[in-house]
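Below is one structure, written out as structure tokens; the observations come after it.
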Amino acid sequence: VFFDLDHTLWDFEKNSALTFQEILPASNITVDFNMFIKTYIPINFSYWKKYRLEQVTKKDLKYLRLKETFDTLDYDVKDDIIHHLSEEYILKLPNYNNLFEGTLEILEYLQKKYKLHIITNGFQEIQQNKLKNSNIDHYFKTITNSELAGVKKPNPLIFEYAIKEASASKLNSIMIGDCIEADVNGALNFGMDAILFNIDPLKSYTNIKQVSHLLELKKHL
């Protein structure tokens with residue numbers, strides 16, 4: 001069983017907001033926090049999509065998502081401060097480790113029946129820390145990230161890399177993640193089964209296995 005990490009097990013939005021609550025005041029940024037988060041979330045999402053599609057580099061993503069957020073809010077921040085914030089964000093983010101409800105219970109349940117693995121597009125230097133600091137690293141036999149594999153989900157090569165690292169067969173494996181494009185369609189196009197973790201009640205997909213709570217995975221696995 002292969003899991004995505006951010007937005008699937010590890011509550012990215014909650015942990016991200018807590019990180020910004022720490023680092024913005026530390027750099028004397030007095031922007032309205034709720035407006036900042038509301039603006040940042042879709043901008044960050046759009047840059048991660050560009051990153052998946054190889055349209056921006058890791059360096060660009062880290063800087064531009066903040067730059068565009070401040071520009072949208074018409075809040076003037078000097079470039080050196082934005083670069084500092086981008087590094088502080090990466091450094092401090094793994095210190096906050098809220099997990100989605102049911103994460104520990106479902107991992108405990110599945111570990112007794114399956115070998116568990118991670119496939120993530122997240123940055124190598126922080127994904128391991130997220131797993132370790134949230135005390136779930138011991139559940140996973142292998143952790144594949146896009147920097148190790150050289151490609152990002154939904155590229156089939158990252159799934160091929162992960163399968164090889166896990167000494168598994170794609171016919172006997174399944175991918176679980178929150179992103180329809182990267183996790184579900186990526187796995188399905190590779191020939192691996194997939195389940196969508198969908199917590200958005202406004203989004204519904206047909207002909208795709210999906211759960212809205214992690215413990216619902218017990219019905220499928």
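The values are calculated or read from the model by the stated rules, or taken from the named source; none is laboratory data. Keep in mind that what you see is a predicted model, and the values were worked out from it rather than measured. So basically every Cβ, Gly included, is an ideal-geometry build from the backbone, and we count neighbours across all protein chains shown. Ligands, DNA and RNA are excluded from the accessible area calculation, which covers all protein heavy atoms including side chains. Shrake-Rupley method; radii C 1.70, N 1.55, O 1.52, S 1.80 Å.
The aspartates and glutamates whose alpha-carbon is closer than 14 Å to the alpha-carbon of LYS67, local same-chain residues fewer than 8 away aside, are ASP76, ASP79, ASP80, GLU87. Divided by 2.2 N^0.38 Å, where N counts the residues, the Cα radius of gyration of region 15-101 comes to 1.06. Across the chain, the longest piece that holds none of the GluC sites (Glu not before Pro) lying in DSSP loops with up to 15 other C-beta atoms within 10 Å covers 102-221. Of VAL77, VAL211, VAL184, the residue with the greatest mean-square motion in the GNM of the chain, using alpha carbon springs below 10 Å, is VAL77. For ARG65, the accessible area of its heavy atoms, probed at 1.4 Å with every protein chain present, is near 10 square angstrom. Under a Gaussian network description of the chain, with springs only between Cα atoms under 10 Å, the residue in HIS83, HIS138, HIS117 that fluctuates furthest is HIS138.
Where the alpha-carbon atoms of region 128-187 are placed on the principal axes, they occupy 29, 24, 21 Å, in descending order. Computed over protein heavy atoms with a 1.4 Å probe, the carbon and sulfur contribution to the accessible area of the chain reaches 50%. Largest accessible area first, the residues SER134, SER212 order themselves as SER212, SER134 under a 1.4 Å probe with ligands, DNA and RNA left out.
Most mobile of THR30, THR103, THR39 per a Gaussian network model of the chain (Cα springs, under 10 Å)? Of the options given, THR30 has the highest mean-square fluctuation.
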